[in-house]
Structure formats: structure tokens, C-alpha cells
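We did not get these values from a lab; they are worked out from the coordinates using the rules stated. The model shown is predicted, which means the values in this text are computed figures rather than measured ones. Positions of Cβ are generated from backbone atoms using ideal geometry, with glycine treated the same way; all protein chains shown enter the neighbour counts.
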Amino acid sequence: MVVQAVIEQKLTDGLSPVFLQVDNESHMHNVPDNAETHFKVVIAADAFVGLRAVQRHQQVYRLLAEELQGGVHALAIHAYTPQDWQEQGQAPTSPECLGG
């Protein structure tokens, strides 16, 4: 779980989230055992207040640029303001892999 820990650390350092959940969803895809290639990030941070969804995602992509250029193949991002997260309370469930 080296990649997952790096993702968690970079997002924590860069955005100081009030909530952060990083799930390795590689097991749901056609990849070798113990792969760290597909992740789901659920994050709530004050840094997202006033930003559109695409701007929130851009912040996450910027912080994880190295991982995305390396072995991370897919990154599902659910980025919320603390207020949005408090109201919503959960992120959508990831869909089943379609074979890729």
C-alpha cells in the first residue's frame, strides 16, 4: 500500500482536508494481485470553497501529478467543501469494472 499512503500524504499536506478517504479499487479491475493502479479519493477541504468541481479536481491532479504519470491508471475523485460533505455524508459507489 505504498502508493495509497503517498496519495494520502500528498493530499493531506496539500489540502488539509477535514475528511479524506483513499480506496485502492485495483482489485475491482483486470490487474495483477496487489496492484495499486485504480483509486477512489473522497475528500472534503476548505480549499474547495468557491471552486467548481473541475477546479477541485485540478487541484487534486496537480498534487498527484507524479503518481498519475507513473503507475496510477485511474483516479475517481469526489471533492467536496466541508459543508457539502456534511450535507451529503457519503460518496457514490464505484461502478463495476467493464473489463479494462
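Rounded to the nearest 5, what % of DSSP beta bridges with both residues in the chain are antiparallel?
Numbers: 6 of 13 bridges.
Antiparallel bridges make up about 45 percent of those DSSP assigns within the chain.
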(request) Relative to the longest principal axis of the C-alpha atoms of the chain, give the angle of the C-alpha long axis of helix 53-63, reported between 0 and 90° and rounded to the nearest 10°. (result) 60 degrees
(message) Let's see if you can work this out: charge +1 on each Lys and Arg Cβ, -1 on each Asp and Glu Cβ, no other charges. What is the dipole magnitude of the chain about its Cα centre, in debye to the nearest 20?
(response) 300 debye
(request) Calculate how steeply helix 2-15 sits against the longest principal axis of the alpha-carbon atoms of the chain, using the helix alpha-carbon long axis, and give the answer as 0 to 90 degrees to the nearest 10. (result) 10 degrees
(message) Can you divide the C-alpha Rg of the chain by 2.2 N^0.38 Å and report the result to two decimal places?
(response) 1.06
(message) With the crude spin-label approximation of a point 7 Å out along Cα→Cβ, what separation in nm comes out for Asp23 versus Glu87?
(response) 2.3 nm
